[in-house]
Amino acid sequence: MSRYARVIGTGGYLPEKVLTNAQISLMVDTSDSWIHERTGIKSRRIAADHESASSMAEIAARQAIDAAQIAPEDIDLIIVATGTPDRVYPSTGCLLQKRLGIKNGVAFDVQAACSGSIFGISIADQYIKSGAAQTVLVVGAEICSRIVDWTDRSTCVLFGDGAGAVLLQACEEAGVLSTHIHSDGEFDDLLYCPNPQAATEAGKDEAGYIAMRGNEVFKVAVNTLGRIVDETLEANAMDKASIDWLVPHQANIRIIAATAKKLKMSMEQVVVTLETQGNTSSASVLLAFNEAVRDGRIQRGQVVLLEAFGAGFTWGSALIRY
Ligand code: COA
């Protein structure tokens with residue numbers, strides 16, 4: 001008997017506060033037209049002071065639990081993808097486990113920057129297929145606004161806060177058709193966020209803010225995402241026309257459009273949340289997936305390609321029959 005992971009519920013949370021491009025243009029030398037033309041972003045959400053990755057993760061997770069009509073105790077593995085954990089330790093996964101009142105199973109974090117939720121889905125899939133877990137909660141939760149330098153116009157316009165969740169459960173029918181994850185640490189200097197409490201080799205006193213060489217990241221992202229699309233289709237002996245929906249990481253509308261073009265997909269088949277959310281790092285793919293499931297665009301039985309690219313570099317895809 002085959003054993004697959006199947007999506008049984010999704011959830012998402014966005015903080016209340018909206019920060020528009022116009023408001024950012026009062027803080028740094030930029031404009032709504034520059035940001036919108038170069039990135040596709042018009043506004044993003046910013047977490048309140050009392051919010052944290054785990055508090056946002058809890059709201060997204062509870063939505064997914066409600067949608068799946070299961071009890072929190074049915075979850076035997078929690079994976080939280082975050083680059084902005086509440087604490088260095090315990091993991092945000094453990095903090096979420098406590099918030100959900102779950103005493104059994106295991107919880108941990110995965111750190112793969114913007115690719116985190118795809119890495120999480122891939123790990124969940126392996127655990128379920130092997131029989132090591134039955135019901136897995138994957139959450140991407142980020143408060144990017146706390147690691148952004150609000151005086152740096154090249155990065156502060158790009159990011160936003162939020163959390164997305166997906167519940168996967170063992171099933172005899174696929175489900176997750178395949179996942180593909182990769183990393184190449186060679187590019188660590190193009191996109192990183194220093195830990196201000198750790199000494200660097202160079203002994204520099206760096207602030208804990210995102211640093212990025214945007215133009216170079218852009219080129220690698222477009223090429224790499226093109227390759228992951230080919231790899232995913234080949235692994236499933238599928239052609240481009242078999243994919244109903246593309247749910248991409250939301251970093252830049254031009255990167256998203258390049259991947260859609262590669263797939264010969266119209267933008268109507270691409271889930272885009274970037275305009276009002278910005279780049280929410282590991283939360284972005286799951287927030288977009290949740291939105292399109294809830295508004296009825298993604299229907300049961302359809303084939304959905306989720307993909308992401310992030311610091312590391314890390315990149316990956318998950319092909320799912322919803
Ligand atoms: N407002 C106005 N001008 C800005 C600006 C802003 N917010 N940010 C940068 N600029 C300026 C630069 O200073 C530069 O000016 P110069 O030509 O006088 O030197 C000019 O705009 C072009 O900068 P460049 O970085 O080449 O622009 P770009 O077209 O590559 O767009 C990004 C910048 C960041 C939007 C784009 O490179 C990008 O999206 N990269 C990928 C980022 C990404 O995906 N990151 C996350 C991966 S998970």
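The values are calculated or read from the model by the stated rules, or taken from the named source; none is laboratory data. Since we're looking at a predicted model, the values are computed, not measured. Every residue, glycine as well, gets a Cβ built from its backbone with ideal geometry; the counts of neighbours run over all protein chains shown.
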**OP:** Residues being buried (at least 19 other Cβ atoms within 10 Å of the Cβ) and not in a strand (DSSP E or B): count how many of those fall in region 39-50.
**Re:** 4
Original post:
Looking at 2, 54, which is the one that is in a loop (DSSP other than H, G, I, E, B), touching a residue at least 40 places away in the same chain (Cβ under 8 Å) and farther than 17 Å from residue 148 by Cβ?
Top reply: 2
Original post:
Within region 279-322, restricting attention to residues that are within 16 Å of the ligand (Cβ to nearest atom) and among the hydroxyl-bearing types (Ser, Thr, Tyr), which residue is farthest from residue 83 (Cα to Cα)?
Top reply: 317
**OP:** Quickly run through region 97-119 and pick out the residues that are in a helix (DSSP H, G or I), surrounded by 16 or more Cβ atoms within 10 Å (Cβ to Cβ) and away from the ligand (no atom under 16 Å from the Cβ).
**Re:** 97, 99
Original post:
Does region 143-155 include one or more residues that are surrounded by 24 or more Cβ atoms within 10 Å (Cβ to Cβ), at pLDDT 95 or above, on the phi < 0 side of the Ramachandran plot and not in a loop (DSSP other than H, G, I, E, B)?
Top reply: yes
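Residue-wise test of (1) within 30 Å of residue 168 (Cβ to Cβ); (2) within 14 Å of the ligand (Cβ to nearest atom).
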position: 1; (1), (2): yes, no
position: 6; (1), (2): yes, no
position: 18; (1), (2): no, no
position: 32; (1), (2): no, yes
position: 42; (1), (2): no, yes
position: 47; (1), (2): yes, no
position: 53; (1), (2): yes, no
position: 56; (1), (2): yes, no
Original post:
Can you tell which of 55, 122 is hydroxyl-bearing (Ser, Thr, Tyr) and over 20 Å from residue 309 (Cα atoms)?
Top reply: 55
